Structure formats: structure tokens, C-alpha cells
Amino acid sequence: MGQNITHKIFSSHLVEGEMAPGREIGLKIDQTLTQDATGTMAYLEFEAIGIPSVRTELSVSYIDHNTLQTGFENADDHKFLQSAAAGFGVYFSRAGNGICHQVHLERFGVPGKTLLGSDSHTPTCGGLGMLAIGAGGLDVAVAMAGYPFYLQMPRVINIRLHGKPAPWVAAKDIILEVLRRLSVKGGVGKVLEYTGDGVAWLSVPERATITNMGAELGATSSIFPSDEVTKRFLTAQGRAGAFAELIPDPDAVYDEVVEINLAELEPLIALPHMPDNVVRIAGVAGQKVDQVFIGSCTNSSYTDLMRVAAILKGKTVHPEVSLVIAPGSRQVLHGLASNGALTDLIASGARLLECACGPCVGVGQAPASGGVSLRTSNRNFEGRSGTADAGVYLVSCEAAAAAALTGKITDPRDLGDPIEIAMPERFPVDDRMIIPPPEQKENIQLVMGPNIKPLPQTSPLPDEIAGEVLLKLGDNITTDHIMPAGAKVLPLRSNIPAISMHAFERVDPTFAERSLAAGGGIIVGGSNYGQGSSREHAVLAPLYLGIKAVIAKSFARIHMQNLVNFGLLPLVFVKEEDYEDIEAGDRLVIEEVRGRLAANSLQVRNVTRDKTYPVKHSLSERQIEIMLAGGLLKYVKN
């Protein structure tokens with residue numbers, strides 16, 4: 001029986017367990033990446049493990065999220081991260097060099113290797129045949145220390161792409177179609193592997209757009225073959241030696257197959273406030289647009305922005321539209337500047353932002369009150385843009401540029417003949433903004449500003465968990481609901497006491513105060529609880545506020561692992577109707593927790609309603625030991 005690409009990489013990196021869906025396995029991790037919003041905690045955690053230097057083949061620390069410096073906090077974190085990179089043997093990509101996923105794709109990604117990143121969009125590098133997985137910062141710290149990364153063996157779903165994309169159909173439209181079919185929960189516990197004759201029509205940056213947004217399906221990872229297209233991209237990056245062919249065997253077996261005829265697709269758009277709320281763009285054309293943002297790790301490559309420049313050339317942005325563009329990397333910006341495309345963008349009236357995440361994470365360019373913002377980014381969660389009542393729509397670069405010119409949602413097919421952009425034979429390679437670790441690391445001191453607080457302490461799992469239901473939440477609660485991003489909150493990522501005061505503030509502004517006053521409690525959630533970002537702050541903040549357990553219909557993968565990593569018990573209703581019976585304010589008690597955990601026979605007693613509900617968990621034996629110890633850090637150190 002032949003192997004698919006995913007199984008080939010898993011089997012070559014397997015250090016523990018059996019590759020059967022749902023069984024826990026341990027993988028050797030070749031590379032890691034962190035970014036500045038998650039990196040400070042990750043390197044504090046790595047320091048706490050007590051290993052002097054990283055044990056991976058390559059680890060990179062990127063500065064790309066917290067680049068808006070309205071106070072000392074972000075600059076202090078950057079100094080800490082640079083000192084940590086030098087001290088621990090990590091490459092350091094300076095502010096302005098670009099978004100971690102775009103830069104890693106350009107300069108570090110290697111087909112067939114494993115990459116673990118403290119950002120949910122790490123699977124972007126699956127666009128060149130890496131098995132790239134997003135995780136919490138503590139998981140990445142443990143991987144940097146040389147330990148395996150553990151996860152449940154995912155099922156492998158084959159997305160077969162057939163034919164050539166129709167004119168004006170972009171890679172963004174392909175992944176929006178996958179989201180339309182499968183939903184934001186459709187990838188949980190799965191790797192999406194793209195094959196078929198249609199793959200040959202997609203460049204590596206286009207493939208990366210698709211693997212990037214696999215995160216919006218909750219997928220463990222997404223991956224494309226490493227083929228001649230990959231080879232040309234790596235050669236153009238001056239990295240031909242990194243190429244290795246990686247394709248599925250002719251008789252490769254998959255757990256499920258999804259067929260997509262690219263010739264039948266048309267331009268699509270995700271309506272507010274979920275990436276799977278996808279419709280034909282022609283069906284909503286004509287709606288007035290206030291703002292357009294082109295950028296983010298999803299659509300900020302050289303070819304993306306060259307198409308935008310070609311559409312805008314000789315034209316002027318609509319007088320009632322604010323168009324902002326953020327190149328994904330300094331390499332992209334250099335390329336645009338060298339060939340004159342940057343002049344075309346500026347001449348059109350576009351506003352140029354730095355090579356960073358920016359508006360995608362709510363850092364700058366918040367829309368007007370009630371405004372409509374078309375964005376090429378990957379998430380349109382309510383309030384994520386920085387404006388609570390804004391409507392954010394997700395589109396391709398072509399559709400975004402069309403709207404910038406017309407002032408309304410526009411089918412890009414109305415622009416006439418499609419734009420053809422060739423991949424350059426050689427990209428402008430300049431790695432001077434990437435600082436390699438010094439050969440001599442003695443006497444390097446970690447630079448810690450006053451905003452960097454010690455790691456929160458966890459305690460062994462108690463035998464009884466009791467508390468008030470402080471929040472009852474619905475389905476698809478995101479990490480943005482739990483711990484918002486944005487320019488106001490992001491600078492507090494290294495200060496858990498301060499950032500905790502913002503927990504759930506978009507859901508209930510009184511939550512933090514109520515939780516502290518009550519001495520903590522319990523959260524009840526619906527299905528897919530914790531979807532979205534890998535940010536472990538969505539666990540650390542509730543933990544600091546005294547939350548003792550989360551009971552939900554189901555959990556998103558990364559968030560559930562983060563709960564385990566910090567010893568906060570994730571439980572699932574055996575009977576979903578029991579969720580309906582619980583209300584905020586009810587007092588719940590879970591008894592004999594330590595004794596019943598291994599047998600998975602826990603019960604929740606609702607003291608207020610005099611009822612008892614069976615609950616379960618999906619923890620492995622190793623994860624049970626982690627919970628009993630009080631979290632992954634204590635477990636590893638023991």
C-alpha cells in the first residue's frame with residue numbers, strides 16, 4: 001500500500017507511537033519559529049526548562065506582530081527576544097524584515113522537514129512540501145529543547161484539484177471554496193493534502209495562500225507536493241540545494257477525498273464574521289466599501305502585489321476608499337521597488353505600511369464605525385479589526401484591488417483580461433536583517449524590561465474542582481473572544497497579570513473583575529471552543545483569574561493542548577443536551593478528579609439544579625500525567 005506525502009513525513013520523523021488516526025504520536029521537530037506576540041513567553045519557558053541552547057536543526061525568532069511602538073513595552077520585548085536568540089542559538093529576524101510565514105517560506109523552508117511554530121498559520125510552509133504545524137509557545141519551547149512534539153495522529157484528507165483555474169480565479173478563491181464546503185470545524189483532527197493535475201498551475205506563493213488558511217478549518221496542517229514548481233521557487237531564492245522531490249505514491253491511500261474542478265470555480269468572498277461564510281462575489285457586488293487592506297501572511301507575496309500593481313497602474317483609488325498595502329517581506333518590497341511596481345502603487349493613492357502583520361491582528365488601520373473593510377487576510381472575526389461594529393470581508397488580491405478602484409464590492413472579472421504575472425528567475429536575496437546566533441554565547445544576558453513578568457505558576461491537579469459558571473458561551477468561540485489581539489492588548493503579552501484584565505472583554509467586560517471576586521470558577525462552551533490563534537494567553541489569562549476547568553461540546557486542537565499544557569482541565573459533555581441545562585451562575589462540583597481521570601469516568605454535579613452530568617476527556621496517558629503534575633513545564637522538568 002502506497003504512502004501519501006503526509007505519511008511519508010510522519011513516518012520519517014516518528015519517534016513514538018503508532019500512526020493510526022486518533023492515536024498519540026511523538027514527532028521529531030527539525031525547525032521552529034516564534035513571533036514576537038508569542039515569543040517572549042516561549043523563550044521564558046525555554047529558559048525555565050534549563051537547557052542552554054536549542055537542539056533543533058534551525059530555530060528562528062521573528063519580529064512581525066508588535067511593531068507599533070506607542071510605548072516602551074514592544075521595544076522592550078524586542079530587546080529581550082534579540083538577547084534570547086543570541087543566548088539560546090536562534091536566528092533573529094529583525095522588525096521590518098517581514099512576516100514570519102512569508103520570510104520562512106522564502107529563506108528557510110525545506111521540503112520534507114517538520115516545522116513547529118508558535119503561530120496558528122505556521123502551515124503556510126506546507127506550500128513547499130513541509131509538514132508545518134502551529135502550536136502554543138510552550139510546545140515550541142519544549143521542541144526547541146529537543147523533545148518530541150506530541151499530537152493525535154490526524155486523518156489525511158486528499159483535496160484533489162483538477163483542471164486550470166478559470167480567469168480571475170485566485171488561490172484565495174480555492175481555499176474559500178474548501179472552507180465553504182468543510183466549514184471552520186471541518187479540518188479538526190485532519191491534514192489536508194493537495195494533489196491532482198490542477199496543482200501544477202499554482203505557484204509556491206499561491207499554494208502557501210491555501211495552506212495558510214487551512215488553519216481556518218482547524219486543520220492540523222495542510223501540504224502540497226514538492227515538485228518542479230517548488231524547485232523553481234527555491235532556485236529563484238538561491239536555495240536550490242534545499243529542494244527534494246516529495247510526491248504521493250501512485251497508490252497512496254487517503255481517509256477521505258474531496259474533488260474540486262478549478263475550471264468551475266468563480267471569485268468568492270467570505271462575509272462577516274467567519275471565514276467559512278462564503279458566497280459568490282457576484283452575488284454581493286455593488287455594496288459600498290470604505291476600506292481595503294492588501295497584505296497579511298495570506299496574500300502579501302511578490303506575485304500577489306505585482307497583480308495588484310498591474311490592476312492599479314495608471315488609475316486612482318476611489319475617493320471614498322482608504323487602500324492600505326503591507327508587503328509580506330523586505331524581499332517583496334525590494335522587488336516591487338526595483339521594477340517600478342511600487343511607483344504604480346503609490347501613484348494610485350495606495351498607502352504603504354511596513355512589512356508586518358499590522359491590520360490583520362488589529363494593529364492599526366481600524367475601519368470607521370460600521371465600516372465595510374475588504375481584506376486579503378485570513379480571519380474576519382467580529383471586532384478583530386479594532387472596530388467592534390465593522391464588517392470585514394475576505395477576498396483575493398484581485399477582488400480587493402477592484403474594490404479599491406470602484407468603491408464597491410466588484411467581481412474582478414469585470415476588469416477585463418486577466419493579469420498574468422511571471423515568477424522571477426531570481427529574487428532579490430538580502431539576509432542582512434536576519435541575525436545569526438553568535439558562535440560564542442558566554443556572558444550574554446537576557447534583557448528584561450519592566451513589562452516582562454515571571455511565568456505564572458501552576459499547581460498539581462486537585463481532587464475536587466468547584467466553582468460558579470462564570471460564562472456560558474456558544475459555538476465557535478475564538479481565541480479573539482477569549483484574549484483579544486490589537487494594538488491595545490498585544491503589548492501586554494509578556495505581562496500575564498496585566499493582560500488578564502482583558503480576558504473575554506468583548507464578550508463580557510465584567511468578566512475579569514467577576515472572576516477575581518469569585519475566586520475563579522468554571523467556563524462552559526459550545527462546539528469548537530478556542531478556534532483561531534495559537535496564543536496560549538487565551539489559557540494563561542483565565543488561569544491567572546482562577547478558572548479551574550472548561551467544559552465544552554468540543555475543542556479546537558491547539559487550544560485544547562494549551563489547556564493541558566498549563567494544567568487547566570478540558571472536559572467534554574457526554575450528552576450535548578446537558579449543555580442546554582446549565583446556566584451562568586450555576587455552581588458546579590467535580591469530585592474525585594485525580595482518581596477518576598485515568599478511567600475517564602468524571603461527573604459534574606450541578607448543585608444549583610441538583611443534577612449530575614457525565615463528562616469525558618480525550619487525554620492520552622501522557623497528557624493525564626501532565627495534568628496531574630500541574631502542566632507541561634513541571635512534567636518536563638520532572
Q: Just add up the charged neighbours of residue 57: K/R +1, D/E -1, any other residue whose Cβ is under 13 Å from the Cβ of residue 57.
A: +2
Q) What is the percent of Cα-Cα separations in the range 201-306 that go past 18 Å? A) 66 percent
(Q) To make sure I understand, if each residue's beta carbon is the centre and we count other beta carbons within 10 Å, what order do 293, 233 fall in, fewest to most? (A) 233, 293
**Q.** Bins of 5 Å from zero: percent of alpha-carbon pairs in the range 268-415
**A.** 2, 11, 22, 25, 21, 12, 5, 1
(Q) Filter 472/616; 113/231; 288/313; 113/190; 79/113 down to the pairs with a C-alpha to C-alpha distance above 24 Å, please. (A) 79/113
**Q.** For the range 384-401 and the range 484-527, distance of Cα centres in Å
**A.** 26 Å
Q) What is the helix-to-structure angle for 171-182, meaning the angle in degrees between its Cα long axis and the longest Cα principal axis of the chain, kept from 0 to 90 and rounded to the nearest 10? A) 40 degrees
Q. Taking 0.36 nm per intervening residue step and subtracting the Cα-Cα distance, what contour gain separates residue 55 from residue 621 on full extension?
A. 201.2 nm
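Given Cα pairs under 8 Å that are at least 6 residues apart, what percent is the relative contact order of the range 490-600?
It rounds to 23 percent for the range 490-600.
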Q. Any number yet on Rg/Rh for the range 130-289, C-alpha, Kirkwood?
A. 0.99
Q: Considering only DSSP beta bridges where both residues belong to the chain, give the percentage that are antiparallel (nearest 5).
A: 35 percent
Q: May I ask you to list the GluC sites (Glu not before Pro) in the range 435-489 that are in a DSSP loop and have at most 16 other Cβ atoms within 10 Å of their Cβ?
A: 439, 442, 464
Q.
Taking Kirkwood radius over Cα pairs in Å straight from the coordinates, which label in [x] 26.5; [y] 24.6; [z] 30.0 is the correct one?
A. [y]
(Q) Given an 8 Å cut-off on Cα distances and at least 6 residues of separation, report the relative contact order of the chain as a percent. (A) 14 percent
Q.
Just to confirm the filter: which GluC sites (Glu not before Pro) across the range 562-638 are DSSP coil and have at most 15 other Cβ within 10 angstrom of their Cβ?
A. 576, 583, 591, 592
Q: Would you mind checking the tilt of helix 72-88 against the longest principal axis of the Cα atoms of the chain, expressed as 0 to 90 degrees and rounded to 10?
A: 90 degrees
Q. Using every alpha carbon pair in the range 5-264, what percent of pairs falls into each 5 Å bin from 0 up to the bin containing the largest distance?
A. 1, 6, 14, 18, 19, 16, 13, 8, 4, 2, 0, 0
Q | Helix 397-406 vs. the chain, principal-axis angle (Cα, 0 to 90°, nearest 10) | A | 70 degrees
**Q.** Mean Cα-pair separation over length for the range 5-264, i.e. relative contact order, pairs under 8 Å, 6 or more apart, %
**A.** 22 percent
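Each reported figure results from applying straightforward, stated rules to the coordinates on display, with no laboratory input. No experiment lies behind these values; they were computed from the predicted model shown. Cβ atoms come from the backbone with ideal geometry, glycine included; neighbour counts cover every protein chain shown.
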